[in-house]
Amino acid sequence: MFVEDFRFDNPLNLNSFGGDEAEFIPLMTPEDEQELSAEQVPEDLPILPLRNTVLFPGVVIPITAGRDKSIRLINDAYNGSKTIGVIAQKDSHIEDPKPNDLYKVGTVARIIRMFKMPDGNITIIIQGKKRFEVSEWLETEPYLKARVIAKEEVLPKKTTQRFRALIDSIKETAIKIIQESPNLPSEAAFAVKNIESETFLVNFISSNLNIDAAQKQDILEEVDLSKRANIVLKHLINEQQMLEMKNQIQNKVKTEFDQQQREYFLYQQMKTIQEELGGVTAEKEIEEFKARAQKKKWSEEVAKHFEKELTKLQRANPQMPEYSVQRNYIELMLDLPWGEVSKDNFDLKRARKILDRDHYGLNKVKDRIIEYLAVLKLKGDLKAPILCFYGPPGVGKTSLGRSIAEALGRKYSRISLGGLRDEAEIRGHRKTYIGAMPGRIIQNLKKAGYDNPVFVLDEIDKLSFGMQGDPSSAMLEVLDPEQNKEFYDNYLELGYDLSKVLFIATANDLSTIQPALRDRMEIIELNGYTLEEKYEIAHRHLIPKQLKEHGLEKNDLKLSRQVIEKIIDSYTRESGVRNLEKTIAKIVRNVARKKADQQPYDVRMSWETVQEILGPTRYDRDMAEDNSVAGVVTGLAWTPVGGDILFIESTIYPGSGKLTVTGNLGEVMKESATIALAWIKANARKYGIDHRIFSKYDIHIHVPEGATPKDGPSAGVTMLTALTSLLTQRKVRKKLAMTGEITLRGKVLPVGGIKEKILAAKRSGITDIILCKDNQKDINEIEEEYIQGLTFHYVSTMSEVLSIALTDEYVDEPIDFSEVLESEVKV
């Protein structure tokens, strides 16, 4: 028989390809297969239960028996016919299986060899013969015995091409699995390739499939070889796919591991080279970070966060981009002051001296700073106020912040907000984004190195709104004394205390600032300068500064008071001193050129020489003195660059009673003109105006400089006076200006921007000013020296305005309305 060819001393182990037990490949010929199929199955068989194992016909397997019943059955059979029945258990955990715990179909097996083991167990090598089915259970003691019926196999025709292709596929797939599996010997593929019997091939492959015992039992119970081959091929293909996937995963993991190993070795080499060259390695950097962190005065929450972020840095590969991102974040945390404050200088006299040295005037602002210092000196700890310097350009809002920082003994930092439209500029970017960085507030705190610097937020009224968010809304948290104690920066991801920072904002126009933001600030108004103040500023600050910037000595240029005042009055009619500085710079450049060319020049420059350098004068001081024409009145206006005078012109001509208003005026000023005309119509008899004029004449009101937009509730009294002068042909008082709004009831309402308007009037040679009585409180707040030479007339009604503004004199060539009024209009 073919079993004699089995060589136990050199078996082929396929335990990785098959189940838990070792499998052996015997040499089987077609003659052996015929002998097996012809062998008779005994009617009664002792039954040996198997755990997790299914025996197929023709297959040889070793079995170790440890149960008493199994050992007794094996001893009796080995000493007798050596033929037993083998059936798989349904549940492998049952120690003493009964007939109901076994399947119905099993395999007749012949014991080839038996070995007694030192531990008392018995190992046998058995070979499957034929399938059988239990028809009746005969005995359960001393071991199971049953009456069985042989199950003959249904073989396909040998000539079937489909079956041949099926067998070839099984063989090729099995060989491929053996070749791709690193744990199977190459001899196994050679043995499978040389199996000639289709039945034995299917049974052998079925026995070695990596599936559970229940699935193998289903294959055993299938007697049709063709169907059984299909089931085996399906399981083989699944096994092949699983093996390919497993190999792909292993290769990928191995490749990644090899790359990491390579990077690790390269990093170690680079580290050694850096140490040889005296460079700083990642470990040294981390130790430095830890040493710096111990000196920080941060809270427990911040300390825990820092430890967490430092741990991330330690785990990161220094060659990866994430390492530099994390390192930058750690450095930012260490560079921030975290409670470090500079010592304030509480010498109030010194602070006042510094403020007076750098800025002339501005007493209201200086008093506010001294008050803050005084309270801070007494209390020791005070939430910094949020100040907003509001005024026209060139009055010293920004430079005042630097002087305040010096007076307090604090660091100075300036943030330009003009045109800013990205919210992240204030709050920072999340550090997960590429190129992320903290907001400007945190960046400037890092530069300052202290938690209590003076921050100048320049041009806060020029914050824009863009697609990246609203910076004005982001500033709410920064400038709210109740919220900025825990200001959250998106990059820092921690609350930072800004309550010790002295924020100073600057603005030219309060109307463009978000109302909620404006409410959080203390508004301090900086008005324009008078002629006397401008002279002092030019003499003390601007001329010395320009001489120094142009490389000249103090004695290289001398300008008398008279010349400086004429320069101010004739070339720079403005609220601030920015254009004045530019004008002085032009004079200094001329001196510098002559000195460099060694040309002679007059150190004490005369007014004529100044005119040659600067050219023709731009402004005429007496421009507001002409009152020879009826219907022309000087008004006062506020602009973002300071106060200015405004002329209202009016004329009348025959027509149909239409009112025309021109001069690029807004709706408010147009309505003021309509109200003024309506009031005059209602009071025409009182002022001797023929009511027929309003239906037979057209009236035209114009405000010169039509290219400049003009609007606001301050020209009502001016238009009223111009129209009354026009209709009565009476002269307007000389050197008179006025401002105020009117109502249909004849009331005069107060307006704003009084100080700027008063300064503009004084610059233009105005001596008398008409104001609403409610604006008297604004005049009382202006320093006495600013209003010297001015006479104020406070009014409550329009009648009072006209009684002050109009004289009893008529213009030289008054209009004769009688010709048109007495003539008949022919249709």
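Between S628 and K364, the contour length at 0.36 nm per residue exceeds the alpha carbon distance by 90.9 nm.
Which FRET efficiency, nearest 0.05, do L821 and E785 yield, Cβ-Cβ r, R0 45 Å?
Details: r = 52 Å, r/R0 = 1.17.
For L821 and E785, the calculated efficiency is 0.30.
Only the Cβ atoms of Lys and Arg (+1) and of Asp and Glu (-1) were treated as charged; on that basis the dipole of the chain about its Cα centre amounts to roughly 2540 debye.
Ordering L310, S299, Y323 by Cα displacement along the dipole of the stretch 285-335 toward the positive end leaves S299 in first place; charges were set at the Cβ atoms of Lys, Arg (+1) and Asp, Glu (-1). Against the chain, whose longest principal axis comes from its Cα atoms, helix 397-408 is set at around 80 degrees. Simple rule: put +1 on each Lys or Arg Cβ and -1 on each Asp or Glu Cβ in the chain, find the dipole, and look at V591, V60, L821; the Cα lying farthest toward the positive end is V591. Using Cα centres only, tell me the gap between the stretch 507-548 and the stretch 397-473 in whole Å. Here the answer is 20 Å between Cα centres.
When the dipole is taken about the Cα centre of the stretch 285-335, and only Lys, Arg (+1) and Asp, Glu (-1) are charged at their Cβ, what size is it in debye, to the nearest 20? Write out the running numbers ahead of the final one.
On the way: 10 positive and 10 negative charges, 26 e Å.
Its charge dipole is roughly 120 debye.
Provide the packing ranking of 431-444, 571-584, i.e. peptides ordered by the mean count of other C-beta atoms within 10 Å per residue, highest first. Working shown, then result.
Details: 431-444: 17.2, 571-584: 21.0.
With the highest mean Cβ count within 10 Å placed first, the list reads 571-584, 431-444.
Excluding L45 itself, what net charge comes from residues whose Cβ is under 14 Å from its Cβ, given Lys and Arg +1 and Asp and Glu -1?
Working: positive: K82, K104, R110, K129, K130, R131, K145, R147, K151; negative: E39, E43, D44, D76, E133, E136, E139.
Counting the neighbours of L45, the net charge comes to +2.
Proximity of backbone amide H atoms, modeled 1.01 Å from N, is registered between L494 and D489 at under 5 Å, excluding neighbours fewer than 5 places apart on the same chain.
Sorting the segments 51-57, 744-750, 182-188 by their residues' average number of neighbouring beta-carbon atoms within 10 angstrom, most packed first, yields 51-57, 744-750, 182-188.
Here the label points at K681 and Y323, each 7 Å from Cα along the C-beta direction, are separated by 8.6 nm in the simple model.
Candidates F465, N251, G716 compared by Cα position along the dipole of the chain: farthest toward the positive end lies G716, with charges placed on Cβ.
Relative to the longest principal axis of the Cα atoms of the chain, the long axis of helix 198-208 makes an angle of roughly 60 degrees. For the chain, take the longest principal axis of its alpha carbons; what is the angle in degrees between that and the long axis of helix 321-335, to the nearest 10 within 0 to 90? Taking Cα atoms only, the helix is inclined about 50 degrees. Label-to-label distance, E553 versus S803, with points set 7 angstrom from Cα along the beta-carbon direction: 6.6 nm. For the stretch 279-386, the relative contact order works out to 23 percent when only alpha carbon pairs closer than 8 Å and six or more residues apart are counted.
Cβ-Cβ distance of R618 and Y412, R₀ of 41 Å, FRET efficiency by 1/(1 + (r/R0)^6): the value works out to about 0.70.
Between M467 and S186, the distance separating the two model label sites (each 7 Å from Cα on the Cα→Cβ line) works out to 6.5 nm. Maximal additional length on extending the T140-S695 stretch stands at 186.3 nm, based on 0.36 nm per residue less the C-alpha distance.
Would you work out the relative contact order for the chain, in percent, from Cα pairs under 8 angstrom that are 6 or more residues apart? Mind showing how you got there, number by number?
Working: 1431 pairs, mean separation 60.8, N = 827.
Relative contact order here is 7 percent.
At full extension, D335 and S299 could sit 11.4 nm farther apart than now, given 0.36 nm per residue minus the alpha carbon distance.
Beyond a 18 Å Cα-Cα separation, which of these cross-linked pairs lie in this structure: K670/K755; K308/K500; K349/K377; K379/K446; K290/K485; K377/K500?
Details: K670/K755 25 Å; K308/K500 28 Å; K349/K377 13 Å; K379/K446 27 Å; K290/K485 27 Å; K377/K500 14 Å.
Beyond 18 Å between Cα atoms: K670/K755; K308/K500; K379/K446; K290/K485.
Pairs from the table (K411/K554; K681/K747; K284/K304) lying more than 24 angstrom apart at Cα are K411/K554. Can you bin the stretch 383-524 into rounded, prolate or oblate? Criterion: square roots of the alpha carbon gyration tensor eigenvalues sorted a ≥ b ≥ c, rounded for a/c under 1.5, prolate for a/b above b/c, oblate for the rest. It is oblate, given that a/c is not under 1.5 and a/b is not larger than b/c.
Here D816, D458 are placed in order of increasing Cβ neighbour count within 10 Å, fewest first, which gives D816, D458. Note on I175 and Q40: with the Förster distance fixed at 41 Å, the Cβ-Cβ geometry gives a FRET efficiency of about 0.70. Computed from point charges on the beta carbon alone (+1 for Lys and Arg, -1 for Asp and Glu), the dipole magnitude for the stretch 406-500 about its Cα centre is near 420 Debye.
No value in this document is a laboratory result; all are computed from the given coordinates. Note that this is a predicted model, so its numbers are computed, not measured. Note: ideal-geometry Cβ built from the backbone for every residue, glycine included; neighbour counts use all protein chains shown.
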